[in-house]
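Below is one structure; the comments refer to it alone.
The values are calculated or read from the model by the stated rules, or taken from the named source; none is laboratory data. Only a predicted model underlies this, so the values are computations on that prediction, with no experimental measurement involved. Here Cβ is always computed from backbone atoms with ideal geometry, including for glycine, and neighbour counts include all displayed protein chains.
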Amino acid sequence: MTHAYVDDPRNASVLINVNGTLMPRDKAVISVFDSGFMLGDGVWEGLRLHGGVLVLLEAHLDRLYGGAKTLDFDIGLSRAELTERLYATVDANAMEGDVHIRLMVTRGIKATPYQDPRVTIGPATTVIIPEYKKPDPNAYQAGLRLFTVHVRRTAPDMQDQKLNSHSKLNCIQACIQATKAGADEALMLDDRGFVATCNSTHFFIVRGGALWTSGGGFCLGGITRATVLKLARELGIPAYEKNFSLTDVYTADEAFTTGTFAGLVPVASVDGRTIENSTDRSVMGELNIAYRRYVDTIAKAGR
């Protein structure tokens, strides 16, 4: 699984930040009238703490504030204030690394259970959940098994997939179908049948030494995805954002996923077709080394 992790007993006692107040895990609650709980009305980010630094924080905040603007609600905190709150949370937990943070912001409390934003009666709700989370090493060693599901990524005029909203039902449905098929993650197509993305990560293939990923119109604006494309071009690896089909996937030299949590993870098979990942020059291997160095450089630069 792309988000499989090593269990850490320290998570039982972490402090969670709810609207600026640090609370024990079992006391961290929100109202049943909250827009996020009631309607999935909100935006979120997944962050990694590495060497005491929130990696690529500015890019994550760009996406968060852009999502809130798209949904037409005010987060109620400046970027500087939200950054301070994030670091105050990890510092209160004495955290330095191998930490994943879920930052969630919803429209706030509603006067009554109803979708209209005009019945919102309070400020935005902000929750920060930090956890000690190391990816399960078995995923890197064995590789992921993907299954192409019938659930499609929706077009921008339906529910724009660039929006990292709390409403993730199509991804959940895709995940369920892939799990029932015995796979680790779902591979999802766009409305024309081209490969779009996975249900919780981004998808890349390598063909003839060149890196391919989807055109991006039907997937989240992935921050690790963008970083990998940047690093590939700096390394002189041809990198394309383009339409491609399952035939291209089944006959690829390599395949892997990217995400904030686990970084780059190899794909072992797609729909039962084995991906050998055994070319003379492993593009993923080269990119993985470059990505880890890049993250280390960010951490060494400090907050």
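Annotations for the structure displayed:
- The residue of the range 227-251 that is farthest from the chain's Cα centre (by Cα), among those that are surrounded by 16 or more Cβ atoms within 10 Å (Cβ to Cβ) and under 15 Å from S282 (Cα atoms), is I237.
- In the range 266-284, the residues that are hydroxyl-bearing (S, T, Y), more than 19 Å from H202 (Cβ to Cβ) and modelled with pLDDT under 95: S278, T279
- Tabulated pairs, the range 176-196, first farther than 15 Å from R145 by Cβ, second among the aromatic types (F, W, Y) and assigned to a strand (DSSP E or B), C-beta under 7 angstrom, 6+ apart or interchain: V195/F203
- Among the residues making up the range 214-229, those that are touching a helix residue (DSSP H, G or I) at 6+ places or on another chain (Cβ under 9 Å) and in a helix (DSSP H, G or I) are I223, T224, A226, T227, V228.
- Scope the range 108-163; condition in a strand (DSSP E or B), within 20 Å of the chain's Cα centre (by Cα), at pLDDT 95 or above and of a type outside the set (K, R); matching residues: T126, V127, I128, I129, P130, E131, Y132, L144, L146, F147, T148
- Residue satisfying all of: in the range 28-51; aliphatic (A, V, I, L, M) and closer than 20 Å to N11 by Cα; surrounded by the fewest Cβ atoms within 10 Å (Cβ to Cβ) among these: V29
- Enumeration of residues in the range 247-303 that are over 14 Å from T227 (Cα atoms), part of a helix (DSSP H, G or I) and in contact with a strand residue (DSSP E or B) (Cβ under 6 Å, 6 or more places away or on another chain): V249, Y250, V283, A299
- In the range 25-71, residue nearest to C219 (Cα to Cα) [restricted to those that are part of a helix (DSSP H, G or I) and charged (D, E, K, R)]: R63
- Breaking point among (1) farther than 30 Å from G97 by Cβ; (2) not in a helix (DSSP H, G or I), for L211: (1)
- Restricted to the range 1-24, and to residues there that are in a loop (DSSP other than H, G, I, E, B) and not hydroxyl-bearing (S, T, Y), the residue that is surrounded by the fewest Cβ atoms within 10 Å (Cβ to Cβ) is D7.
- Subset of the range 100-148 [without any contact (Cβ under 8 Å) to a residue 40 or more places away in the chain and either surrounded by 20 or more Cβ atoms within 10 Å (Cβ to Cβ) or of a type in the set (D, E) (or both)]: D116
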